[in-house]
Amino acid sequence: MPSVSDILDNLDYGPAAEDARVVESWLAENSAGFGHFINGAFTAPEDLFDVESPATGKVIAKVSQGDPEAVKTAIESARAAQTGWAALSGHERAKYLYAIARHVQQHARFLAVLETLDNGKPIRETRDIDVPLVARHFYHHAGWAELLEDEFPGQQPHGVCAQIIPWNFPLLMLAWKVAPALAAGNTVVLKAAEYTPMTALAFGKIAQEVGLPKGVLNILTGDGETGAELVGHSGIDKVAFTGSTEVGRVIRKQTAGRGIPLTLELGGKSPFIVFADADLDAAVEGVVDAIWFNQGQVCCAGSRILVAEAVAPRFTELLKARMQKLRVGNPLDKSIDMGAIVHPVQLDRIRDLVGKGVEEGATLTQGTAPEGCFFPPTIAEGVEPASTLATEEVFGPVVTLTTFRTPEDAVALANSTAYGLAASVWSENVNLALDIAAKVQAGVVWVNATNLFDAAAGFGGYRESGFGREGGREGMGAYLKSPLKQLGEPEPEAKAPEAAPGTQMSATTIDRTAKMYIGGKQARPDSGYVYPVHGSHGAKGLAGLGSRKDIRNAVEAAHKASGWGKATGHNRAQVLYYLAENLSARRTEFIERLHSFKMPAEQAEQEVDLTLRRCFWYAAQADKFDGAVHSTQSSYVTLAMHEPIGVVGVACPDRLPLLGFASLVLPAIAMGNSVVAIPSQSHPLSVTDLYQVLETSDVPAGVVNIVTGPRDELAKTLAAHDDVAAMWFFGTPQGCAMVEAESAGNLKQTWAEVAGLRDFTGPDGQGRAFLQKATQVKNIWVPYGE
Ligand code: NDP
């Protein structure tokens, strides 16, 4: 027995075990196994598999493996409930969400203990972070349900949402997905993670308690096969997935061409940047929260520390000393810092990756961990930027430590990853911190903080960390759609243009031969071939037959124009106004040109006039479509900044050749993107006439690049190109499917629509929805106060 003076000397503390008996007796009552939660009731348990508590290896429950029949029944029950649920007023739905929030609070301790038993994460975290955030999420979204008709006028729910969640924050991920879906009037089929299904099942009980109408929420247990069956089912209208980038890609391909909106929250390799003027003690505590929170099993974990060379020795010394004080062990102990790794399979994965890191030259400093499914907190030094530990998501308590000299180096290192989920910036100089926050490519940036979440702020990634946001207005919007006000007829499939036999660029008798427009210059097509463009009396001109090479050149030029994205909204507005004025001066010429391509004079005039109006409208929006400051936690301002996406590929519809092009390209460039556009393949010449207008309007070289030719073939190259960040496609249904499937490589954002359905001459042809597509939101959390 230590004496009081011994205890005061080493400030050691004894165990403070949470009482788990209430949860254990609930589990014992259900020892026969759990069924799925479908149509407001639990099904009979069948085809059971064990759920183990990772901290002890003991089986805590048996749950059912969701087979195709269970998936089908759940979807049918969600479908049957959807119309009635959507028909309730937002106010009525809000009442259910408030009730859920209250019941989560009433059962908070139960849910926290159950989560800890099932997942292995410390009770301190489930009790103080996971469960309170779950309740907060339902309260917040009850508010959105209440306000829906005012805040999202004219918008509608998608229908039946398929939602797939991972094991790292089981109940919280459920809340992030279920709350906005229900608030919007959707019904849900959710597949819980195989390792951690228990709190989702307990949540099914809560849905019963509050009297949620039957079928509005359905919960399936099972493994990846159940998830794949759910995503592949024809009865779903939207998919939201959180998990690995690898499975995200599979789901992207599986949903391609099905007209199903997709939200993907995927992996990360987030930088944690410490500048020389940072409060080093605070930054060390930040690392604890960044990588040792939830055993590092956090998609936005700060897993790459980048520290200024000048303070690296001191910082490293402080960090290592702090790491040695971390207590790893029984997650039900209230004084534990780190609990168990979720499953032995995951533990092996961490060990393998760390082993590889050591083979590649990393040196490790580790804390301690007990026997069993535990991994010690680990710092890896001597890690090259391209090595395994610096590039792969370990999803464990392992952090790399690298130094940098200048802020530019820090940004380059921070961005040298395919991911873009989050970043932490530590500096006492607010100017520097915000400058870096703007330059880091990540959906969330925390200044002098890390891993902060709130229902009012969007969360989600750039690049291969996925697309779509959860939380805040953006997250709510992901569960709503704006139906087209007038539905047109699909365009008939236009034959892909072919080289005019024997017609070389130089040897033509036809009046006009248009080139490509790449990097601000007119360029001959790499193929050396042209194709005829027909008017009312035969071929009226020739357009370059673009190829993969032209697209690649155009993408390179578009990248060089990235400065456009950093120009002020005012600068971009001026250029677009100038463009509008120059186009006005040539109005008659453009009308005649369209008329010469079979278009009735009146229609040609309308098309040019609408194009002009659109130019002025987007010029006006360039400095007005801005972000927001969210009300999140006290002592933080959360800035939701609109940023350009980067290089956007745009494949235009065949009809309305000038207006279709302008309606898509203008919002993209107004928001700071650069564009590689494929104009109408049958009538590209009214767009190629724009070259001179672009040149005389101070549009910087490379901001707009135009490649004429076979739309689907060129779009395929763009959709598969790793340096293209978003792809907008208006064409055939097969083309839409192709673009979505090809985009899976770098998980670019896509907007694929069957051409002809949208009337670009009416209210569906212009608006804030286009600007939303052209931007991504970065949430920057800035603290204030001492
Ligand atoms: P997965 O991406 O495999 O799993 C996430 C969810 O998707 C689970 O519910 C899983 O089911 C389900 N699933 C698996 N395959 C399919 C499929 N083909 N179609 C539909 N759903 C599917 O992640 P893991 O759990 O296997 O973890 C592997 C790695 O992924 C981790 O080491 C980590 O690096 C990363 N990860 C990232 C997360 C993030 O939030 N960014 C979260 C979790 C993991 P089941 O549970 O049965 O496998």
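The values are calculated or read from the model by the stated rules, or taken from the named source; none is laboratory data. Quick caveat: nothing in here was measured; it's all calculated off a predicted structure. FYI the Cβ positions are ideal-geometry reconstructions off the backbone, even for glycines, and counts take in every protein chain you see. What goes into the accessible areas is simple: the full protein's heavy atoms, side chains included, and nothing from ligands, DNA or RNA. Shrake-Rupley method; radii C 1.70, N 1.55, O 1.52, S 1.80 Å.
Note on region 197-219: residues that are within 13 Å of the ligand (Cβ to nearest atom) and under 27 Å from Glu474 (Cβ atoms) amount to 2.
Of Thr406, Thr402, all but one fail to be surrounded by fewer than 24 Cβ atoms within 10 Å (Cβ to Cβ), in contact with a strand residue (DSSP E or B) (Cβ under 7 Å, 6 or more places away or on another chain) and of a type in the set (S, T, N, Q); the exception is Thr402. Residue count for region 308-348 under the criterion of being of a type outside the set (A, V, I, L, M, F, W, C), buried (at least 17 other Cβ atoms within 10 Å of the Cβ) and over 19 Å from Phe293 (Cβ atoms): the result is 1. Candidates Leu364, Leu326, Leu347: the one that is under 34 Å from the mean Cα position of the chain (by Cα), under 29 Å from Thr56 (Cα atoms) and in a loop (DSSP other than H, G, I, E, B) is Leu326. Considered as a group, the residues in region 225-254 that are within 6 Å of the ligand (Cβ to nearest atom) and closer than 15 Å to Val189 by Cα include one that is most open to solvent (accessible area, probe 1.4 Å), and that residue is Ala228. Could you tell me whether any residue of region 34-49 is surrounded by fewer than 17 Cβ atoms within 10 Å (Cβ to Cβ) and either part of a helix (DSSP H, G or I) or at pLDDT below 95 (or both)? Looking for residues that are surrounded by fewer than 17 Cβ atoms within 10 Å (Cβ to Cβ) and either part of a helix (DSSP H, G or I) or at pLDDT below 95 (or both), one finds none in region 34-49, hence no. Counting the residues of region 327-353 that are farther than 30 Å from Leu11 by Cβ and charged (D, E, K, R) gives 4. Figure legend. Inter-residue proximity from region 64-84: first residues assigned to a helix (DSSP H, G or I), second residues open to solvent by 60 Å² or more (accessible area, probe 1.4 Å) and among the aromatic types (Phe, Trp, Tyr), beta-carbon distance below 7 Å, spacing 6+ or different chains. No pairs are indicated.
Answer yes if at least one residue in region 421-432 is more than 16 Å from the ligand (Cβ to nearest atom), touching a residue at least 60 places away in the same chain (Cβ under 8 Å), surrounded by 22 or more Cβ atoms within 10 Å (Cβ to Cβ) and of a type in the set (Phe, Trp, Tyr), and no otherwise. There is at least one residue in region 421-432 that is more than 16 Å from the ligand (Cβ to nearest atom), touching a residue at least 60 places away in the same chain (Cβ under 8 Å), surrounded by 22 or more Cβ atoms within 10 Å (Cβ to Cβ) and of a type in the set (Phe, Trp, Tyr).
Applying the condition of being assigned to a helix (DSSP H, G or I) and open to solvent by 10 Å² or more (accessible area, probe 1.4 Å) to region 286-307 and asking which residue is nearest to Val445 (Cα to Cα) yields Asp289.
Within region 162-173, track down each residue that is under 11 Å from Asp130 (Cα atoms) and surrounded by 24 or more Cβ atoms within 10 Å (Cβ to Cβ). Hits for region 162-173 are Asn168, Phe169, Pro170, Leu171, Met173. For beta carbons closer than 7 Å, sequence separation of 6+ or different chains, a first residue in region 160-174 that is within 9 Å of the ligand (Cβ to nearest atom) and a second that is aromatic (Phe, Trp, Tyr), the qualifying pairs are Ile164/Phe241; Trp167/Tyr195.
Which numbered condition trips up Ala554, out of (1) surrounded by 14 or more Cβ atoms within 10 Å (Cβ to Cβ); (2) at pLDDT below 95; (3) within 29 Å of Asp759 (Cα to Cα); (4) not polar (S, T, N, Q)? Just one mismatch for Ala554, condition (2). Here are some conditions: (1) within 16 Å of the ligand (Cβ to nearest atom); (2) part of a loop (DSSP other than H, G, I, E, B). Gly257 meets all but one. Which one does it not meet? Every condition holds for Gly257 apart from (1). When Gly396, Gly443, Gly461 are checked against the criterion of being modelled with pLDDT under 95 and buried (at least 22 other Cβ atoms within 10 Å of the Cβ), Gly461 stands alone in meeting it. Within the set Ala301, Ala282, the sole residue that is more than 14 Å from the ligand (Cβ to nearest atom) and at pLDDT 95 or above turns out to be Ala282. Taking helices (runs of 4 or more DSSP H) as the structural unit, those lying wholly within region 560-674 and holding at least 3 residues that are open to solvent by 50 Å² or more (accessible area, probe 1.4 Å) correspond to 569-585, 587-596, 601-621.
Residue check: Leu114 meets all listed conditions (1) open to solvent by less than 10 Å² (accessible area, probe 1.4 Å); (2) of a type outside the set (S, T, N, Q); (3) more than 18 Å from Pro331 (Cα to Cα) but one, namely (3).
Looking across Gly90, Gly66, one residue alone is in contact with a helix residue (DSSP H, G or I) (Cβ under 8 Å, 6 or more places away or on another chain), open to solvent by less than 10 Å² (accessible area, probe 1.4 Å) and farther than 30 Å from Phe152 by Cβ. It is Gly66.
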